[in-house]
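To start, the structure under review is shown below, and the notes come after it.
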Amino acid sequence: DTAVSQTPKYLVTQMGNDKSIKCEQNLGHDTMYWYKQDSKKFLKIMFSYNNKELIINETVPNRFSPKSPDKAHLNLHINSLELGDSAVYFCASSLGSGGQETQYFGPGTRLLVL
Amino acid sequence: AQSVTQLGSHVSVSEGALVLLRCNYSSSVPPYLFWYVQYPNQGLQLLLKYTSAATLVKGINGFEAEFKKSETSFHLTKPSAHMSDAAEYFCAVSPSYSSASKIIFGSGTRLSIRP
């Protein structure tokens, strides 16, 4: 009965590879997010989708491409991985996209690029 | 534009002591304010939030925070710390009056509890 789930939990890969992270929520929420948390715990939003439509697209290299096949899923594909991409990536969801909404976070995907 | 400053990257208190984690915000419009907690190797979960109703907000696990507009602060307190409170705490702000708001997180404060 996990609310927001992510796969994989850990990802170790070589520079230059392409990888995907999947996220699913079973809360019936309309809005989903991707965050990056660096080694100093700083958390920054990357993307947000509302009803499968991209509504927030921060200054992120275009090697990162989100895809939302339906309201319950938001995947993140990363091309040509670089050392600086090593971080923890969190998916989150909220009922709506307004500023007062509580966000529900997944457990994170720990990406290590060698 | 919005920003959040958390004073103190690490706070250590004794079990049973008062917990005070400081947060100051900057916002060009009335803000919504949040405290989230992150336990080791887990995602964030909401402790409490201020959405322009009561200025004293009570959250889970005995935590509360007071919105003080004159001081642009939203400090988090708990009267008596438990060992289970050891975690990373994030203050966050998002603007009201927007249908596609993004939440801005502070840099986090690691709370340690001494036996």
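Of everything in region B:101-115, what is more than 20 Å from A:Ser97 (Cα to Cα), over 13 Å from the mean Cα position of the chain (by Cα) and open to solvent by 40 Å² or more (accessible area, probe 1.4 Å)? Give them in sequence order. Those that are more than 20 Å from A:Ser97 (Cα to Cα), over 13 Å from the mean Cα position of the chain (by Cα) and open to solvent by 40 Å² or more (accessible area, probe 1.4 Å): B:Arg114, B:Pro115.
Take the residues of region B:1-43 that are of a type in the set (Phe, Trp, Tyr) and in a strand (DSSP E or B): which is nearest to the chain's Cα centre (by Cα)? Per the criteria, the residue is B:Trp35. The set of residues in region A:73-114 being in a loop (DSSP other than H, G, I, E, B), open to solvent by 30 Å² or more (accessible area, probe 1.4 Å) and under 21 Å from B:Gln45 (Cα atoms) consists of A:Leu95, A:Gln100, A:Glu101, A:Pro107. Within region B:92-100, one or more residues are within 19 Å of A:Ser93 (Cα to Cα), open to solvent by 70 Å² or more (accessible area, probe 1.4 Å) and touching a strand residue (DSSP E or B) at 6+ places or on another chain (Cβ under 9 Å).
Does region A:35-45 contain at least one residue that is among the basic types (Lys, Arg), at pLDDT 95 or above, outside any loop (DSSP other than H, G, I, E, B) and closer than 26 Å to B:Ser96 by Cβ? Don't jump to the end; show me each part of the working.
Of region A:35-45, the ones among the basic types (Lys, Arg) are A:36, A:40-41, A:44.
If we keep only those that are at pLDDT 95 or above as well, we get A:36.
Pick out the ones that are also outside any loop (DSSP other than H, G, I, E, B) and you get A:36.
Within this subset, residues satisfying the condition of being closer than 26 Å to B:Ser96 by Cβ are A:36.
Taking every residue of region A:35-45 in turn, at least one turns out to be among the basic types (Lys, Arg), at pLDDT 95 or above, outside any loop (DSSP other than H, G, I, E, B) and closer than 26 Å to B:Ser96 by Cβ.
Please specify each residue of region B:26-48 satisfying the condition of being touching a residue at least 60 places away in the same chain (Cβ under 8 Å) and under 16 Å from A:Lys40 (Cα atoms). Hit for region B:26-48 is B:Gln38, nothing else.
The numbered conditions (1) in contact (Cβ under 8 Å) with a residue 40 or more places away in the chain; (2) over 25 Å from A:Lys41 (Cα atoms) are all true for B:Ser70 except (1).
Checked against the criterion of being within 11 Å of chain B (Cβ to nearest Cβ), among the hydroxyl-bearing types (Ser, Thr, Tyr) and over 19 Å from B:Gly106 (Cα atoms), the candidates A:Thr31, A:Thr13 yield just one match: A:Thr31.
Go through B:Pro40, B:Pro79, B:Pro31 for me and flag whichever is within 12 Å of another protein chain (Cβ to nearest Cβ), surrounded by fewer than 19 Cβ atoms within 10 Å (Cβ to Cβ) and not charged (D, E, K, R).
Answer to the check: B:Pro40.
The values are calculated or read from the model by the stated rules, or taken from the named source; none is laboratory data. Computed from a prediction, not measured in an experiment: that's the story for all the values here. Counting neighbours? That spans all protein chains shown, and the Cβs are built from the backbone with ideal geometry, glycine included. Heavy atoms of the whole protein, side chains included, go into the accessibility calculation; ligands, DNA and RNA do not. Shrake-Rupley method; radii C 1.70, N 1.55, O 1.52, S 1.80 Å.
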